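Heads up: the structure comes next, in structure tokens.
The values are calculated or read from the model by the stated rules, or taken from the named source; none is laboratory data. None of these values were measured; they are calculated from a predicted model. Cβ placement follows ideal geometry from the backbone for every residue including glycine, while neighbour counts extend to all protein chains displayed.
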Amino acid sequence: MRRATAADVEAIHRLLVANAADVSLFQQSDDRIRRDLDDFVVAIEAGQQVGCAALHHHTRANTEILAVAVDPHAHGRGVGAALVRACMTDAARTGATFVWLATGKPDYFARYGFRRMSKWRLPPRVVLRKVRLVLEQPMHRWLPALLGRHTFMWLPEQTPPPI
Ligand SMILES: CC(C)(COP(=O)(O)OP(=O)(O)OC[C@H]1O[C@@H](n2cnc3c(N)ncnc32)[C@H](O)[C@@H]1OP(=O)(O)O)[C@@H](O)C(=O)NCCC(=O)NCCS
């Protein structure tokens, strides 16, 4: 597991595309990945990027885990768990007090202690950023996202979510 560098942009893009069948995983252009590169970690196996995840600090306290994607050939080997745990550790290290994510796989993230929350807990600025990302998606992803098919979750162990 290591922080992503510019040399990983293509591989991150490949990992997102490889999991594109999962409509809850937002796709990102190379440009967007490059812009947010500091957010990403990559999992390496035998010199290859087999997974990625991002931790985006909306504010110092408010931190989102996103873009968790594992090479389909490496699913079920603990790569996803290592990525989620790395993000959680990093969030705690940086003093984030509200760690959250939006997912189509709530049962998967519940394994790590994430619990459901209302998306209305998110500050409007954060919701707007999410909406912008939704609108960058191919059209067939808009509907499930805008119809609220994603489950929003947060980590209660940190501290209470903002009112
Ligand atoms: C979800 C994902 C990240 C999991 O990565 P992974 O490396 O395969 O997961 P791990 O090996 O760490 O964990 C596998 C365990 O999670 C369980 N699991 C996998 N998907 C699950 C789901 N949707 N709901 C509940 N449990 C799930 C497996 O049954 C397995 O359980 P076990 O350890 O008891 O055998 C991966 O499948 C993926 O990249 N999916 C497509 C992209 C995606 O959906 N990302 C999340 C979007 S928000």
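Structure values in brief
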| item | result |
| --- | --- |
| Subset of region 82-99 (residues that are among the small types (G, A, S) and exposed (fewer than 15 other Cβ atoms within 10 Å of the Cβ)) | G95 |
| Members of region 1-29 that are acidic (D, E) and at pLDDT below 95 | D22 |
| Any hit, region 112-127, residues being closer than 20 Å to Q28 by Cβ, within 14 Å of the ligand (Cβ to nearest atom) and either among the acidic types (D, E) or touching a strand residue (DSSP E or B) at 6+ places or on another chain (Cβ under 6 Å) (or both) | no |
| Matching residues in region 87-121 - criterion: being aromatic (F, W, Y) and either outside any helix (DSSP H, G or I) or free of Cβ contacts under 8 Å to residues at least 12 places away in the same chain (or both) | F98, W100, Y112, F114, W120 |
| Among (1) within 22 Å of L16 (Cβ to Cβ); (2) touching a residue at least 24 places away in the same chain (Cβ under 8 Å) - the single one G76 does not satisfy | (2) |
| Only listed residue being farther than 26 Å from R2 by Cα and aromatic (F, W, Y), chosen from F98, F152, F109 | F152 |
| Subset of region 66-100 that is in contact with an Asp or Glu (Cβ under 9 Å, 6 or more places away or on another chain) and not hydrophobic (A, V, I, L, M, F, W, C) - its residue that is farthest from D39 (Cα to Cα) | R77 |
| Near pairs, Cβ below 8 angstrom, 6+ apart or cross-chain, from region 122-146 (within 16 Å of A21 (Cβ to Cβ)) to any residue that is assigned to a helix (DSSP H, G or I) and basic (K, R) | none |
| Any chance V84 is among the β-branched types (V, I, T), within 13 Å of the chain's Cα centre (by Cα) and over 26 Å from R149 (Cα atoms) | no |
| Hits in region 57-103 - residues which are near the ligand (Cβ under 6 Å from one of its atoms) and out of contact with any Phe, Trp or Tyr (no Cβ under 6 Å at 6 or more places or on another chain) | V68, A69, V70, H75, G76, R77, G78, V79, G80, A81 |
